[in-house]
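What follows is a single structure, written as structure tokens, with notes after it.
Read-outs throughout are calculated quantities, based only on the coordinates presented, and are distinct from any laboratory measurement. Since this is a predicted model, take the numbers as computed values, not measurements. Cβ sites come from the backbone with ideal geometry, for glycine too, and all protein chains shown count toward neighbours.
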Amino acid sequence: MKRFYYMIDYHVHTSLCDHAEGGMEAYIQKAVEIGLQDICFLDHLTMQPAADNLSMAPGEVPFYFQALQRLKQEYRGSINVKIGLEIDFNPDHVDFFQEITARYSFDVIGGSLHFLGGLNIASHSSPWKQGDLEPDYVYDLYLEHLKKMLDYNYFDVLCHLDLVKKFGWESSRSLDKEFNEILSIIKNKHMTVEINTSGYNHPAREIYPSFDIIKNCREQGISITLGSDAHKPENVGQHYDKAWPLLLKAGYRHLTTFTRRKRSQVAITNT
């Protein structure tokens with residue numbers, strides 16, 4: 001019987017982003033309770049005009065970093081507390097992203113894509129959720145912005161790669177070719193793809209990215225990490241019982257962890 005003996009959650013949030021609940025320590029305590037070895041905070045930094053209640057402010061980053069540094073020391077010996085950011089792509093602020101990621105000794109930087117210009121594809125108030133937009137148009141726009149995002153090097157991990165499917169709307173055509181091209185870029189840039197289990201909470205009702213994309217990641221030799229995208233302490237490690245079989249079926253036996261933006265590999269089973 002396979003035993004999962006190195007468990008991590010590389011994507012949890014804090015109340016600083018204004019749409020998550022619970023104190024930082026509560027997330028860590030939950031991670032210890034369920035037997036995780038690593039927990040990585042990846043709270044939102046979103047430089048968008050319409051990002052109120054979606055992100056910590058840039059001026060809060062010093063507090064965020066120092067508070068987690070204290071908790072990292074306090075819980076040393078019980079769990080590895082890692083500190084990162086989930087930076088939402090905005091080409092107008094790339095210089096700032098590069099500056100702030102260099103200013104602090106973050107363990108990992110995640111890159112995400114929630115905004116396609118002025119369209120927020122993740123918001124429950126978005127016309128995308130309401131079904132008011134043509135799916136092929138939104139998918140094409142998403143892929144266009146994703147490729148633009150991959151022109152930059154300020155992040156280490158690509159978060160929830162196919163988030164555009166969140167509300168259950170599908171393209172009328174196969175996008176395998178387009179996503180394979182994106183995976184080739186990720187491979188050439190030595191980036192890591194996040195396996196994000198929060199999709200099981202959304203109308204998409206599946207993991208981010210899809211199993212087919214995970215298989216293609218494995219075929220191309222792309223490293224993966226694993227995160228719950230928890231916005232409440234009780235969601236730390238959520239849906240891992242569904243994720244593990246998919247990762248093993250795709251052929252993965254290792255996950256990627258980070259320390260001061262340097263990658264390491266940890267075995268996830270005893271086989």
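Things to note:
- The label-point distance for N180 and E33, in a model that sets each label 7 Å from Cα toward Cβ, rounds to 4.5 nm.
- Each Lys and Arg Cβ is given +1 and each Asp and Glu Cβ -1; about its Cα centre, region 1-158 then shows a dipole of about 760 debye.
- Over all pairs of different C-alpha atoms in region 153-204, the reciprocal of the mean inverse distance, the Kirkwood hydrodynamic radius, equals 12.4 Å.
- Dividing the alpha-carbon radius of gyration of region 116-271 by the rule-of-thumb value 2.2 N^0.38 Å gives 1.04.
- The chain - charge dipole about Cα centre, Lys and Arg +1 at Cβ, Asp and Glu -1, debye rounded to 20: 1240 debye
- Leading residue at positive end of dipole, region 8-267 (Cβ point charges), from P91, W169, I109: I109
- Dipole of the chain, positive direction: furthest Cα of M56, G118, Y137, with charges on the beta-carbon: M56
- Antiparallel beta bridges, as assigned by DSSP with both residues in the chain, represent about 25 percent of the total such bridges.
- Between L42, S184, H202, the Cα set farthest toward the positive side of the dipole of region 8-267 (charges on each charged residue's Cβ, about the Cα centre) is that of S184.
- Lysines with Cα under 26 Å of K242, excluding same-chain neighbours fewer than 8 positions away: K2, K30, K82, K129, K165, K166, K187, K215, K232
- Among R173, R260, R70: highest mean-square fluctuation, GNM of the chain, C-alpha pairs under 10 Å: R173
- Two-site label geometry, E25 and F96: point separation in nm, points 7 Å out along Cα→Cβ: 3.2 nm
- Across all C-alpha atoms in region 168-236, the radius of gyration and Dmax reach 13.3, 38 Å.
- Spin-label model, S172/K148: points 7 Å from Cα along the beta carbon direction are separated by 2.5 nm.
- Stokes-Einstein diffusion coefficient of the chain, Kirkwood radius over Cα pairs, 25 °C, 0.890 mPa s, in µm²/s: 131 µm²/s
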